[in-house]
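Structure, as C-alpha cells:
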Amino acid sequence: MNRGWRLAAALFVAWSGLAAEDAPVAKPPVTGYAAERVKERLDRGLIARTEADQRIYLSWRLLETDAAGVAFNVYRRAGETVEKVNSHPVRETTDLVDKTAPAGKLEYFVRPWLGGEEGEACAPAAADRDAPASDFLSIKLNGDHTFQKVGIADLDGDGRYDFVIKQPNVNVDPYEQYWKKSPGTYQLEAYSADGRFLWRYDLGWAIEQGIWYSPYVVYDLDGDGKAEVALKAGEGDPRDADGRVQTGPEYLLILDGLTGKERARADWPSRDGFEGYNRYCRNQLAIAYLDGRTPCLLVQRGTYSLIKLHAYEFHHGRLRELWQWRSTDERPSYNGQGAHCLRAADIDGDGRDEVVLGSAVVDDNGQGLWTTRLGHPDHVYIGDLDPQRPGLEIYYGIETRQPRNGMCMVDAATGRILWGINRPTRHVHGQGLVADLDPRYPGCETYSADTDAEKKFAWALLHDARGNVIGEENLGGFAPKAVYWDGDPQREMIGGGKLYKLDGPAFRTRLQGEVVAVADVLGDWREEIITTLPGEMRIYVTVIPSRDRRVCLMQDAFYRADVATASQGYYQIPTPKVLPGTER
C-alpha cells in the first residue's frame with residue numbers, strides 16, 4: 001500500500017469512527033490495457049426512406065470527430081448518372097428531403113464539406129422511389145420466433161450497428177410466487193446490419209428462461225473494433241426434478257461477436273452465502289471504463305441481500321480479474337441496495353467510471369463510495385437531469401416500502417438526497433420514466449408509480465427536475481417509454497402503438513409489435529424504436545425533418561453505457577449525460 005492509499009485509509013477511519021482493524025483496506029486504482037479510451041468507429045449511418053408523396057427522406061450522423069463548421073453534400077446515383085441533390089452545403093441539420101428523385105431504384109451517399117473541400121463519401125444507402133412508403137426497416141429472423149432482448153454493437157468492424165437478440169420472448173421470475181418451469185431454452189442469435197443471419201448459441205438447460213438467469217452484453221471489450229458477447233453460461237442439464245437449477249458450474253463466457261465461438265471463460269460469482277434460490281438467481285452484467293480508457297466487464301450476483309461484484313478486463317483472448325467486492329465488505333453493510341439495472345458512469349468527474357449498483361455506489365477501484373440505505377430501487381436514471389444545478393443527478397424509484405423518499409433525486413457524486421416525496425410508498429414498481437418531456441420545465445421530468453396491496457397500479461407522480469409535482473395521471477402504468485422523434489429537444493411518449501407529445505397530439509407513425517429497445521442506431525441524433533414480431537425485427541425511423549443537428553447520441557458515454565446494459569435486467573430508455581438542447 002503506497003502513502004496515498006495509507007492516508008486515504010487513515011482519513012476514512014478518522015471520519016467513520018471505526019477501529020483500525022475494522023477499516024477497509026484501500027484498493028489501488030485499476031490500470032487496464034488501453035493507452036487511450038477505446039471507442040467505436042461509426043460510419044455516417046445514412047438512411048434513405050421513401051415518403052408517401054414519393055419524395056426520399058435522408059438522414060445521417062454527425063460524429064464527434066467532425067470539425068465544428070463541417071457541412072455536407074448529398075449525392076444521388078440513378079443508373080450511371082450521379083447528381084448532387086443539394087444546391088448549397090447542408091449546415092443546419094444532418095438530414096435532407098430529395099424532392100426531385102426520379103423513378104426507380106436509387107443510391108445516395110454523403111460527403112463532408114469544409115473550407116471548400118470535400119471529404120470521403122460514406123457507404124451508400126439504397127432507396128426505391130416507386131416502393132410503398134415505409135417508416136421502418138425490417139430484419140427477417142431465422143425462424144418465426146419473437147425475442148426478449150437485443151444487444152446493439154458493431155460485430156464486424158464496418159462502422160454499422162449489428163444485433164444480437166435473445167429469444168424466445170418468455171420470462172420466468174425466481175420469486176416463489178411467480179416461478180414456473182422453463183418450457184425450453186434461450187437462444188442468442190446474431191444478425192448483421194443488412195439482416196444476414198450470422199450465428200446461433202443455445203444457452204442450454206443450465207440457464208432458465210428468465211432475465212435474471214441470463215444476462216448478456218455486447219461490446220468491443222478488447223479494442224479491436226469488433227464487439228464480443230459476454231454472457232452467463234452453465235453446462236449440461238443440472239435441473240432439479242421440478243425444473244430449478246440450483247447446482248452445477250456457472251461461467252462468465254466471452255463469445256466472438258462475428259462467429260459465436262467461445263473465446264474465454266471464468267467462474268461466475270458463486271451461490272455461496274445467499275439466503276436461498278430467489279436471492280442467488282439475480283444476475284447482471286455491465287460495461288465500465290474503470291480506468292477511464294479500458295472497457296471492463298462488471299459481473300454481479302445478488303440484489304436483495306448479499307451482493308457480489310467482480311470486475312474483469314478482456315484482452316489478447318484472456319480474462320483478467322481486476323477486483324472483487326462484497327456488499328458485506330463495507331461498514332455499514334451495502335446489503336440489499338442493488339437495483340434491477342446495473343449501471344456504470346463517471347459520476348464524480350474523476351475520469352473513471354463508478355458502479356451504480358442501485359441505492360449504493362462502488363468506486364472504480366472496487367471500494368464502496370456511498371449508500372443512501374434506502375434499499376432496492378426498481379429504476380435508476382443517471383445524468384445531468386437538472387442542468388440548472390452543478391454536477392450530475394440520480395433519480396430513484398424505490399421498491400422497498402418507505403415512509404418518504406420512495407421517489408427521490410440524489411446528488412450523484414455524494415448520494416445526498418436533493419429532494420424526495422414526503423408520503424409513504426408501498427412498492428414503487430417497474431422501469432418508471434425519466435426524460436425531458438415538457439419544454440416548460442428545465443431538465444428532465446421524472447415519473448414513478450406505486451402499487452396497491454395486490455401489486456396493481458395505485459397512483460403515480462410526475463415531477464420536474466426540482467421535485468415539484470406537475471402531474472398525477474397514469475402515463476402508461478409502471479413502465480412507459482419515450483423517444484427523441486420529431487426534432488425538438490423533448491422526447492415523445494410511446495404507448496398503445498402510438499407516438500405522441502405529452503398532453504399533445506399523436507404522430508402518424510403506428511408501431512406494430514412489442515417495443516424492445518429505443519436507441520440512436522441510424523441516421524441523425526433522433527432515436528429508432530426496435531420492436532419484435534413473429535419472425536421479424538422492425539426498426540422504426542423518423543422521417544420528420546429535423547430543426548437542428550447534434551452529435552450522434554451513441555457517442556455520449558452515459559447514453560452508450562445505458563444501451564450496452566439494456567440487453568439485460570429491467571429495460572430503461574437510455575439517458576444522455578448532456579440533454580439535447582442544453583449543450584454548451
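The values are calculated or read from the model by the stated rules, or taken from the named source; none is laboratory data. In this text the structure is predicted, and so the values were computed from the model without any measurement. All Cβ positions, glycine included, derive from the backbone under ideal geometry; neighbour counts span all protein chains shown. The accessibility values were calculated without ligands, DNA or RNA, using every heavy atom of the protein model including side chains. Shrake-Rupley method; radii C 1.70, N 1.55, O 1.52, S 1.80 Å.
If you take the alpha carbon atoms of the stretch 343-492 and fit the smallest convex hull around them, that volume is 107 Å³ per residue. Within the same chain, lysines fewer than 8 places from Lys84 are excluded, and of the rest, those with a Cα less than 29 Å from its Cα are Lys99, Lys105. Compared with the direct C-alpha span, the chain from Asp503 to Thr100 gains 141.4 nm at full extension, assuming 0.36 nm per residue. Report relative contact order for the chain in percent, whole number only (criteria: Cα-Cα under 8 Å, sequence separation at least 6). Here the relative contact order equals 13 percent.
Between the helical axis of 3-16 and the longest alpha-carbon principal axis of the chain there is an angle of about 70 degrees. Across the accessible surface of the chain, with the other protein chains kept in place and a 1.4 Å probe, carbon and sulfur atoms take up 48 percent. For each pair in Lys166/Lys481; Lys149/Lys498; Lys226/Lys501, compute the distance between the two Cα atoms and list the pairs where it is over 32 Å. Beyond 32 Å between Cα atoms: Lys226/Lys501. Using the Cβ of Asp222 as centre and a radius below 12 Å, the other residues enclosed give a net charge of -1, where K and R count +1 and D and E count -1.
Phe457 to Asp240: FRET efficiency via 1/(1 + (r/R0)^6), r the Cβ-Cβ distance, R0 35 Å, to the nearest 0.05? With R0 = 35 Å, the Cβ-Cβ based efficiency is 0.50. In terms of overall dimensions, the stretch 93-139 has a Cα radius of gyration and Dmax of 13.4, 40 angstrom.
The P(r) of the chain has a tail past 42 Å containing 20 percent of all C-alpha pairs. Of the whole protein surface, Glu473 contributes about 80 Å² of accessible area at a 1.4 Å probe radius. Here the Karplus relation 6.51 cos²θ - 1.76 cosθ + 1.60, evaluated at θ = phi - 60°, turns the backbone of the stretch 46-55 into coupling constants of 5, 10, 9, 10, 6, 9, 4, 8, 6, 7 Hz, with x for every Gly and Pro. The accessible-area ordering, largest first, of the residues Arg352, Arg547 stands as Arg547, Arg352, per a 1.4 angstrom probe. In terms of packing, defined here as the mean over residues of other Cβ atoms within 10 angstrom, the peptides 278-284, 232-238 line up highest first as 278-284, 232-238. Met554 contributes an accessible area of around 10 Å² to the protein surface, as traced by a 1.4 Å probe with all chains present. Here Lys181 is the anchor, and the aspartates and glutamates within straight C-alpha reach of less than 12 Å, apart from those fewer than 8 places off in the same chain, are Asp173, Glu208, Asp240, Asp242.
Give the aspartates and glutamates reachable from Lys140 as a straight Cα distance under 17 Å; neighbours fewer than 8 places away on the same chain don't count. Within reach: Asp162, Glu189, Asp194, Glu514, Glu536. Using every pair of separate Cα atoms, the Kirkwood estimate puts the hydrodynamic radius of the stretch 504-574 at 13.5 angstrom.
Backbone phi angles across the stretch 230-239, fed through the Karplus curve with coefficients 6.51, -1.76 and 1.60 (θ = phi - 60°), yield HN-Hα couplings of 9, 8, 8, 9, x, 9, x, 10, x, 5 Hz in residue order; Gly and Pro are listed as x. Based on protein heavy atoms only, the chain ends up with 39 Å² per residue of surface accessible to a 1.4 Å probe.
For the stretch 22-90, the set of GluC sites (Glu not before Pro) satisfying both a DSSP loop assignment and a count of at most 12 other C-beta atoms within 10 Å is given as Glu36, Glu64, Glu80.
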